1. Give me the one-decimal nm value for the distance between modelled label points at A:SER62 and B:ARG326, 7 Å along each residue's Cα-to-Cβ direction.
2. Work out how much length B:ASP225 to B:LYS186 would gain on full extension: take 0.36 nm times their residue separation and subtract the Cα-Cα distance, in nm to one decimal.
3. From the backbone phi of the stretch B:93-106, what are the Karplus-calculated ³J(HN,Hα) couplings (6.51 cos²θ - 1.76 cosθ + 1.60, θ = phi - 60°) in whole Hz, Gly and Pro given as x?
4. Taking R0 as 56 Å, what FRET efficiency do you get between B:GLU460 and B:ASP157 from their Cβ-Cβ distance, rounded to the nearest 0.05?
5. Give me the Kirkwood hydrodynamic radius of the protein assembly as shown, using the inverse of the mean 1/r over all pairs of distinct Cα atoms, in Å to one decimal.
6. Quick check on the exposure proxy: order A:THR3, B:THR172, B:THR466 from fewest to most C-beta atoms within 10 angstrom.
7. Hey, with R₀ at 35 Å, roughly what FRET efficiency would B:HIS722 and B:ARG242 work out to, going by the Cβ-Cβ distance, to 0.05?
8. If you stretched the chain out fully between B:GLU765 and B:LYS93, how much longer would it get, using 0.36 nm times the residue separation minus the C-alpha to C-alpha distance?
Amino acid sequence: MATIQLKVNQEGRELRDIDPATPLLWALRDHLGLVGTKYGCGKGLCGACTVHINGAAIRSCSMPVSSVAGQSVTTIEGLAPDRQNLHPLQEAWMEHDVPQCGYCQAGQIMNAAALLQSTPSPSDEEIDNAMSGNLCRCGTYTRIRAAIHTAAGKGGAS
Amino acid sequence: MKNQFYRSDLIPDIDMPAEFVHWENRMDVEKAANDSSSGPFIPRRQFLKLSGLAGGGLVLAFSLGRGPKAAASPDKQASGEYFAPNAFIQIAKDGAIVIAAKNPEVGQGVKTFLPMIIAEELEVPWESVTVKQSEIDLERFGRQSAGGSQSTPRNWDLLRQTGAVARTMLVTAAAQTWGVSESQCKADQGYVVNRSTGKRLAYAELASAAAALPIPEKDSVKLKDRSEYKLLGKFIPGVDNRALVTGQPLFGIDQKLPGMLYAVYVKCPNFGGVAKQANLDVIRKRPGVVDAFIIEGNGNELELMSGVAIVAKSTHQAFQAEKALRVIWDKSNASDNSWEAYKAEALSIGPKAGQISDEMGDAEAALAQADQTVESFYTYPFLSHANLEPQNCTAWFHDGKMEIWAPSQTPQNVARMINSALDIDPSDVVIHQLRIGGGFGRRLMNDFVVEVCAIAKEIEAPVKLTWTREADMAHDFYRPGGFHHLKGALSQGRWTGLLDHFVSFTPEGGDGKRPVRGGNLSPDLFQFPEIPNLRLDQTFLPSRVPTGFWRAPRSCAVAWVFQSFANEMAVAAGRDHLEFLLEQFGEPRWLEEGERRALHTGRAIDVVELAAKKGDWGNPMSQGQGRGLAFYFSHLGYFAQVAEVTVDASNRVKIDRVVVAADVGLLLNKSGGENQVEGSVVDGISTLAGQEITFEDGEVLETNFDDYPLSRMASTPKIEMHWLTTDWSPTGLGEPAFPPVAGAVCNAIFDATGHRIRTMPISKEGFHI
Ligand code: FES
Ligand code: FES
């Protein structure tokens, strides 16, 4: 058992009495109560657990919390710049009514946000490639792609 | 004259939970039809209740008389009592309008579109409406479940009436205030307008006066004409979207209660195995583990099977402890079934005759007299639901009550099951319904709910049970696989006879006469009413593999078989598939007048023609490309699809475009409805591309998304949707767009390559997507 410090959504957090091997996913969900990040497969196969470490998209189910100690984690709860203003991707997701069950969507949005950081105006093909690790059981892919284009047009990289 | 083959009394009744109709129902439905005392499946009494809202305002709710029990449903575990649907409106003095969403949201959009129906008739702007998920309360809300695309047909009339009753009362209140006749007044988007003076009164101002009025009979109020609709048919985003995109806790798996513990429940990999002994002492010493114990269960796979519970302080610790668990299972009564063995057996008995279950004309004679016959053997596998949110549930046993937070498609069934498995009085069961991360029929079953309650009963704290993905895939209620040996007769280019020997499964240890859940076949599934000679033979192989209802039960499998075979027949006859398929419908007519479950060939023809036109049917294609067509009628929806594919030299199939033509009467929510169709097409591609649940020696071999793949963004084709606007009542869209997908795609692959796919998924025949 260990004590681990993290920066989560711009706030310093301390995890006490935690097994350092705990995947970041469960540290977020069970220990910090941030349940927006989802469990789908636990093996890096579905992308439901995608968060950002220092701005890069990673699968939090496959990352021991000890390996990200001291680093900056952003989850879906912290993606919007503030309470009033959502991230352009979140706005686009609502405009296109992307979700069906909605379970995969936090991971989809986090992965798309990282894509727009590196590629502000992605082509269809670039989107397909970047998003290929994010599964949607409900099949909302067409709308995800459209929403990413919309957000890109509105400066989604910001 | 009623067609004796396609008779609708064999079709699951719309007022019965279609998801739970079993083979025995054939007899029971027939019996019920002859037994007038059993009565129709409608509630005896139904009246509106009115009450004041604290601080003034109007609350309008239906209060329900108890409907007759589900006399026709033999499976008491699964069906249960049901009641007519109802709804709930609040108009507060400050103008806030709250509409209750009564059914579980599984991603089919029901939390948005059912309240939309009320808002349309209530005549209020959608922006002024707040939708609240209702509690589970059968007396107030009636049947609360999501399945079989039943939410729409079951609620359409009643929810319109609910809105219209409230609107009528507000109009009366305004007329009385102004001292004019009601005909002088008109409701308009949250106001009542005086037609002659142009004066307006807001609903909020009228709410208290309306609350004092007698309630009109619901059948007496005037419903809006469809041409007057302002909301229905529009693109209305889901009411939970903001919470979803910001990661708010909505789902079952997101529940957190003070002092909550985390559990896993480990069952025998062989279905039906019983936990005899386990290294519980070792497990209890694992980090974070609070307790570990064996649960005997009641042997009912729908409720509580034997297993080992591990309760820990975190999900991670519970998952880790599970890895160290060693259990001695008693497998004397457990499954040793093998998919490979079933396949071999079906292949050998398929060509022989089976037990005749339905017949019209003389299929044998038609085959003997035919100019040409076609004989084919089709195979489709078991499937897992693979909801992205694994099964989970939270329960807290306190003060003699079992309080449950459940992502269940049938929350109304829970109390009875808890009573049966755990001997807790149904009145001591409190259930909160939560958003569900994908249903597809899996969460019609409540095994995971009963499991967590069994654990919570032993623990003095709230407990959340989370299944690992691996457990989820190993303990599903699978879509049963099946085999069809088909023989078709052609005379002078016309389809004159069809014989299907269907090899399916029956519960091992039963009487061998009835199929497993979701594994039955009835004549309504053929949908070729012009074939004069038809015969359906069935043979059931004993199996212990738990099966259930998977998106568009039955149709999800057999539509591909019949729509592919129709194409084989057209090809053998040397005829154009479109023209050949249309010929099978004959004249536009309703196979049974007034019976919505019966095929209407006119509606079928219209969607097939529309799909063909929009799908450029007949236009030449380049080498390696192909176009395929398929139709299916299921869950009251008519769907035809044209798929276009490109197949390269290595048999890689690219699905370029899927054109969908639909007649569902009225599309209630353009956004939600189209989302369901897009999702159905993607789901169809997932299943045909590579999904297959196999089992050896009673154990499922697939474990996670690496060996049970879901379709990805790059393989999603262009999906075009065309909706026929017709006067028919609307139906749900969670299912009916799914069945034609595989048929259209496989017919297109044949068109492109000349290779007929007869085994699903197509990876079995060397193709990949
Ligand atoms: S849960 Fe992490 S990739 Fe699936
Ligand atoms: S919306 Fe349900 S899994 Fe993506």
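1. For the pair A:SER62/B:ARG326, the computed spacing is 3.1 nm.
2. Working: separation 39, 0.36 × 39 = 14.04 nm, distance 1.43 nm.
Length gained between B:ASP225 and B:LYS186: 12.6 nm.
3. Running phi through 6.51 cos²θ - 1.76 cosθ + 1.60 with θ = phi - 60° gives 4, 7, x, 5, 10, 10, 10, 7, 9, 8, 9, x, 8, 10 Hz.
4. Details: r = 48 Å, r/R0 = 0.85.
According to the calculation, E is roughly 0.75.
5. Values: mean 1/r = 0.0346 Å⁻¹.
Hydrodynamic radius (Kirkwood, Cα only) of the protein assembly as shown equals 28.9 Å.
6. Working: A:THR3 11, B:THR172 19, B:THR466 27.
With the fewest neighbours first, A:THR3, B:THR172, B:THR466 line up as A:THR3, B:THR172, B:THR466.
7. Values: r = 31 Å, r/R0 = 0.89.
In this case the efficiency is close to 0.65.
8. That works out to 235.4 nm of additional length.
Read-outs throughout are calculated quantities, based only on the coordinates presented, and are distinct from any laboratory measurement. The model shown is predicted, which means the values in this text are computed figures rather than measured ones. Because the Cβ atoms are built from the backbone with ideal geometry, glycine has one as well, and the counts that use them run over all protein chains shown.
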